[in-house]
Amino acid sequence: MALYIWIVVVVIFIFLAGIRIVRPTHRGLIERLGKYNRFAMPGFSWIIPVIETMRQINITEMMVDAAPQEIITNDNLNARVDAQVYFRVKEDEANVKASQYNVNNFQWQIVNLARTTLRNIIGTLTLKSANSERGKINEELLKTLSTETARWGIDIVRTELKEIDPPKDVQETMNKVVKAENEKIAAVDFATARETVADGERRAEIKKAEGVRQAKILEAQGEAEAIQLVNEAAEKYFVGNAQVLRRLQALETALQSNAKIIVPSDRDLVNVIGDMAGIVPLKRD
């Protein structure tokens, strides 16, 4: 009876010792006596204690820092360069196996490969072009890492340059150049703004002068029209009175010389006086 109990206890202990739980973020490689045996998916798995072991491999996206390094650029300047590499282990069985059996410590290998690739790329560029072509450097680094890690079961997701810093004295010079360039742009913008304002003021003065000129023209036209109306009225209403006045002047001259003039009552003088007085002479029967 006691032996039976001991056997049950040993079996339960072996069973519990062999339980393995694989998380959804991992995949398992089960080895038996040092040789690959089977693939473990997320969930419950059981291995034979002592005889079998399980390696759990993280398949989520991970990041490694390539660590800052001094790189000599094509224009013989020492640039401090740092980059980050984002990658993940492909989740199928063949690639998970490749990440463990085709490469020794793939994270460390990725870091060193990234550092070497950066030296090769940036060494062919000047410091200025390296700073302005970060996207191109990232693309070349990603392409090289993807090619070199194809047999490792690794998917290089993306690469990012963290910094490309020149030496301190070069940085100070570059800052001065940038400051001078910004001041130049500001001065040009200010001059352009002043020119725009001056042009606006000039246009306003032209508009004002044009308005004054137009007003004077209209005023002159009004005066001319008024004079024309006066002339037309004089021609229409004053011509007859002028003739009457001339007749009176002739009569006055004749009277001043004591000349005796006999004018019939129905002649022009009476008519002249009547016209001046506004009286119409009576006609005799």
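The values are calculated or read from the model by the stated rules, or taken from the named source; none is laboratory data. In this text, all values refer to a predicted model and were calculated from it rather than measured experimentally. All Cβ positions, glycine included, derive from the backbone under ideal geometry; neighbour counts span all protein chains shown.
Tell me which residues, restricted to the range 132-149, are among the hydroxyl-bearing types (Ser, Thr, Tyr) and without any contact (Cβ under 8 Å) to a residue 40 or more places away in the chain.
SER132, THR144, SER146, THR147
Spot the failing condition for ILE48; the list is (1) in the same structural domain as ILE154 (by TED's automatic domain parsing); (2) loosely packed, with under 15 Cβ neighbours inside 10 Å, and only one is missed.
That leaves (1) as the condition not met.
Can you find even one residue in the range 117-136 that is outside the structural domain of HIS26 (by TED's automatic domain parsing), closer than 30 Å to VAL22 by Cβ, in a loop (DSSP other than H, G, I, E, B) and β-branched (Val, Ile, Thr)?
Within the range 117-136, not a single residue is outside the structural domain of HIS26 (by TED's automatic domain parsing), closer than 30 Å to VAL22 by Cβ, in a loop (DSSP other than H, G, I, E, B) and β-branched (Val, Ile, Thr).
Go through the range 1-43 and give me each residue that's of a type in the set (A, V, I, L, M, F, W, C) and within 21 Å of LYS90 (Cα to Cα).
ILE21, VAL22, LEU29, ILE30, PHE39, ALA40, MET41
Just checking, does the range 28-43 include any residue being assigned by TED's automatic domain parsing to the domain that holds LEU125, of a type in the set (Phe, Trp, Tyr) and surrounded by 13 or more Cβ atoms within 10 Å (Cβ to Cβ)? Spell out the reasoning first.
Of the range 28-43, the ones assigned by TED's automatic domain parsing to the domain that holds LEU125 are none.
No, the range 28-43 contains no residue that is assigned by TED's automatic domain parsing to the domain that holds LEU125, of a type in the set (Phe, Trp, Tyr) and surrounded by 13 or more Cβ atoms within 10 Å (Cβ to Cβ).
Would you pick out the residues in the range 67-81 that are surrounded by 15 or more Cβ atoms within 10 Å (Cβ to Cβ) and either β-branched (Val, Ile, Thr) or modelled with pLDDT of 90 or more (or both)?
ILE71, THR73, VAL81
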